Every structure is written in C-alpha cells, then in structure tokens.
1. Can you list which of the GluC sites (Glu not before Pro) found in the range 1-98 are DSSP loop residues with at most 16 other C-beta atoms within 10 Å?
2. Please go through the range 8-51 and write out the trypsin sites (Lys or Arg not before Pro) that DSSP classes as loop and that have at most 12 other C-beta atoms within 10 Å.
3. Suppose every K and R has +1 on its Cβ and every D and E has -1 on its Cβ; what is the size of the dipole of the chain about the Cα centre, in Debye to the nearest 20?
4. Here are a few candidate values for semi-axes √(5λ) of the Cα gyration tensor in Å: [x] 33, 16, 11; [y] 19, 17, 15; [z] 30, 15, 11. Which one was actually calculated from the structure I just gave you?
5. Got a sec to turn the phi values of the range 33-40 into Karplus ³J(HN,Hα) couplings, 6.51 cos²θ - 1.76 cosθ + 1.60 with θ = phi - 60°, whole Hz, x for Gly and Pro?
6. Any idea how far apart Glu96 and Asp41 come out in nm if each label point goes 7 Å out from Cα toward Cβ?
7. Check Val86: other-chain or 5+ apart residues with amide H under 5 Å from its amide H, H built from backbone geometry?
8. Simple spin-label model, 7 Å along Cα-to-Cβ: Glu48 to Ser82 in nm?
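What follows draws every value from the coordinates through simple rules; no lab data is involved. From a predicted model like this one, the values you see are computed outputs, not experimental measurements. In this analysis, Cβ positions are derived from the backbone assuming ideal geometry, glycine residues included, and neighbour counts consider all displayed protein chains.
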Amino acid sequence: MKIASIDVGLKRIGVAICLNGDIVIPQNAILRKNRNQAARDINIFLKEWEIEKLIVGLPLDASNSEEMERRIKHFVSLLELSLPVVYQDEQSSSIEAKELTQGVFKHKKDGKIDSIAAKIILERYLLKK
C-alpha cells in the first residue's frame, strides 16, 4: 500500500512517502502561501504518487494542541480525498528531526526539517501498525 504523511505547519507542510511498506522517504516540503494553494498542491502530490492512505501529524499533548488540532483538521477538510486519513501523534517530531540532522545540513526554512518530521510521523504510524 502506498502511504503518505504530512506535517502541517503555518508556513510549510512536510511530506513523506512509503511505497512498499517499510522504507519512508521524505519529499520536498510544500511551501504554504495560503491554505487553498497548499491543499491544491497536496491533492496533486497524492494523485501523482497514487497514494492510498494519508497519515496526518497531530500534536496531542502540546500546550496549544486544541487550536492546532482544529487548524489541521480544517486544512484536511479542504483536501479532495477519496482515501482513508489517519491522525498520528506528532509530539516532538520537529525537535527530533532537528536533532537527527544536526551537522548534516544547514537548517534553513526550506522545509527539509518539516519533511523529516513527516518521515518520523509516518515511521511512528508504521511501527504501531
């Protein structure tokens, strides 16, 4: 089954895919100009890769988790999905992504960290499956 994950942020959306059930590959992040453009770009991505399930990171224990959950679920509602959506705890995935890549590449605001966070979210989902 082809699975994708997204880490929805206010400026960038990290994206990762798993095409064979075990290897998760981060993709180029989607830079978010506005939510409609970002939703369109996610829809195109999902169709191009023929994704069969979408895993969406959700902060379950953060101080502002209710507000972020509302925003993320609203964003997901903008997607034109005919595939199952599963919400996965993303707690500290961005921090973990920064720690994993320390010294590997310069941390810019280009979305690499966001897509590595999406990779971590998808790996967590696959581990508990």
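1. Here the GluC sites (Glu not before Pro) that fit, given the DSSP loop and packing criteria, are Glu50, Glu52, Glu80.
2. Passing both the DSSP loop test and the Cβ count: Lys11, Lys33.
3. 440 debye
4. [y]
5. 7, 8, 5, 5, 4, 5, 5, 4
6. 2.5 nm
7. Correct list: Leu54, Ile55, Val56.
8. Label-label distance for Glu48 and Ser82, simple model: 2.1 nm.
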